[in-house]
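Note sheet for the following structure.
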Amino acid sequence: MTPPLSPEPAPYVERALCVLAHPDDVDFGSAGTVATWTAAGTEVTYCIVTDGDAGGFDETPRERMPLLRQAEQRAAAAEVGVTDVRFLGYPDGRLELTLDLRRDISRVIRQVRPQRVLTSSPERMWNRIGASHPDHMTVGESTLRAVYPDARNPFAFPELLADEGLAAWTVSEVWLTASPRADHPVDVTDVVERKFDALRRHVTQVSHQPAGQLEEFVGGWMRQTARVHGLPDGRLAEAFHVLHTA
């Protein structure tokens, strides 16, 4: 059964901000969608909350991993038309819902002034537990709190205005990835090779897989998503829970 759709998101926005926990999160879940946005002329910024130091599958020294993963994320972003990539530098795997994290995300929202924010769902997906890493849920909840009320309230984190000149900003839409309430599919069939190119840039995360396995695995997700949301056979989709927050 096709889930009921929420009111349609805006067909075009000038600026979008993607706030995700780890380098590669945006590419596994949303790079195809991002490619459609940049192709339409939307300016997209990535804000990656952690330094990715807990990632990888080999004996790379931990102190080297953050720099490697930052470089990989910038290269992956370029594959889908994104050049503005920011890192908050929190430790990978140890995120907590704190006022500091809310402030830091609010700062980026006020800097970028996006009409649309994409982030991870704060709700757990019980049928696909790997999508619900604790860092993902923490970033999703922190970002939603930054969207409302922090970034739009001139009296929240007043130092952002007083010390940094960052005025309040109201985000109109939030798109939640890996959500059990996903109600908005995006057909990414025509840009899927750009998504795969982005994923291949994350060498520390995917190079251990046999040739073709990455595409088969991620492609399977997208085919299933397309079927669940009623797209024609053979199509590939990413899906989101879209919230109207203005």
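For the stretch 84-107, the criterion of being more than 14 Å from the chain's Cα centre (by Cα) and more than 26 Å from Asp150 (Cβ to Cβ) is met by none of the residues.
Residues of the stretch 136-161 that are touching a Pro at 6+ places or on another chain (Cβ under 9 Å) and farther than 16 Å from Leu88 by Cβ: Met137, Leu144, Ala156, Leu161. Being among the small types (Gly, Ala, Ser), in a helix (DSSP H, G or I) and touching a Ser or Thr at 6+ places or on another chain (Cβ under 8 Å): is that true of Ala146 here? It is true that Ala146 is among the small types (Gly, Ala, Ser), in a helix (DSSP H, G or I) and touching a Ser or Thr at 6+ places or on another chain (Cβ under 8 Å).
Taking the numbered list (1) polar (S, T, N, Q); (2) surrounded by fewer than 18 Cβ atoms within 10 Å (Cβ to Cβ); (3) within 22 Å of Tyr148 (Cβ to Cβ) in turn, Gln115 passes all entries but (2). Of the residues making up the stretch 186-198, not a single one is over 24 Å from Ala76 (Cα atoms), crowded, with 20+ Cβ neighbours inside 10 Å and either among the acidic types (Asp, Glu) or touching a residue at least 60 places away in the same chain (Cβ under 8 Å) (or both).
Residue selection: Ala156 fails the criterion of being assigned to a loop (DSSP other than H, G, I, E, B) and either crowded, with 19+ Cβ neighbours inside 10 Å or at pLDDT below 95 (or both).
The set of residues from the stretch 71-100 being under 12 Å from Gly52 (Cβ atoms) and surrounded by fewer than 16 Cβ atoms within 10 Å (Cβ to Cβ) comprises Ala71, Gly89, Pro91, Gly93.
Go over the candidates Pro114, Pro122 one by one and state the one that is within 15 Å of His241 (Cβ to Cβ), not β-branched (Val, Ile, Thr) and not in a helix (DSSP H, G or I). Spell out the reasoning first.
Details: Pro114 fails: within 15 Å of His241 (Cβ to Cβ).
On inspection, the qualifying residue turns out to be Pro122.
What residue, of Pro122, Pro134, Pro154, Pro158, is farther than 20 Å from Val218 by Cβ, within 13 Å of the chain's Cα centre (by Cα) and not aliphatic (A, V, I, L, M)? Show your work before the answer.
Working: Pro134 fails: within 13 Å of the chain's Cα centre (by Cα); Pro154 fails: within 13 Å of the chain's Cα centre (by Cα); Pro158 fails: within 13 Å of the chain's Cα centre (by Cα).
Step by step, each of Pro122, Pro134, Pro154, Pro158 is checked, and only Pro122 is farther than 20 Å from Val218 by Cβ, within 13 Å of the chain's Cα centre (by Cα) and not aliphatic (A, V, I, L, M).
Here Phe240 meets the list (1) in contact with a strand residue (DSSP E or B) (Cβ under 8 Å, 6 or more places away or on another chain); (2) at positive phi almost entirely, failing just condition (2).
Residue under question is Ser179, and the condition is that it be of a type in the set (S, T, N, Q) and closer than 18 Å to Asp24 by Cα; does it hold? Considered against the rule, which asks whether it is of a type in the set (S, T, N, Q) and closer than 18 Å to Asp24 by Cα, Ser179 comes out as yes. Screening Val174 against (1) out of contact with any Asp or Glu (no Cβ under 7 Å at 6 or more places or on another chain); (2) in a strand (DSSP E or B); (3) under 21 Å from Trp126 (Cα atoms) leaves a single unmet condition, (3). For the structure I just gave you, tell me whether Tyr46 is outside any loop (DSSP other than H, G, I, E, B), within 20 Å of Ala239 (Cα to Cα) and either over 13 Å from the mean Cα position of the chain (by Cα) or of a type in the set (Phe, Trp, Tyr) (or both). When the stated conditions are applied, Tyr46 passes them.
Go through the stretch 7-62 and give me each residue that's of a type in the set (D, E, K, R), surrounded by 18 or more Cβ atoms within 10 Å (Cβ to Cβ) and at pLDDT 95 or above. Please lay out each step first, then the result.
Step one: filter the stretch 7-62 for residues of a type in the set (D, E, K, R), giving 8, 14-15, 24-25, 27, 43, 51, 53, 58-59, 62.
Keeping just the survivors that are surrounded by 18 or more Cβ atoms within 10 Å (Cβ to Cβ) gives 24-25, 27, 51, 53.
Across the stretch 7-62, the qualifying residues are Asp24, Asp25, Asp27.
The values are calculated or read from the model by the stated rules, or taken from the named source; none is laboratory data. Keep in mind that what you see is a predicted model, and the values were worked out from it rather than measured. Positions of Cβ are generated from backbone atoms using ideal geometry, with glycine treated the same way; all protein chains shown enter the neighbour counts.
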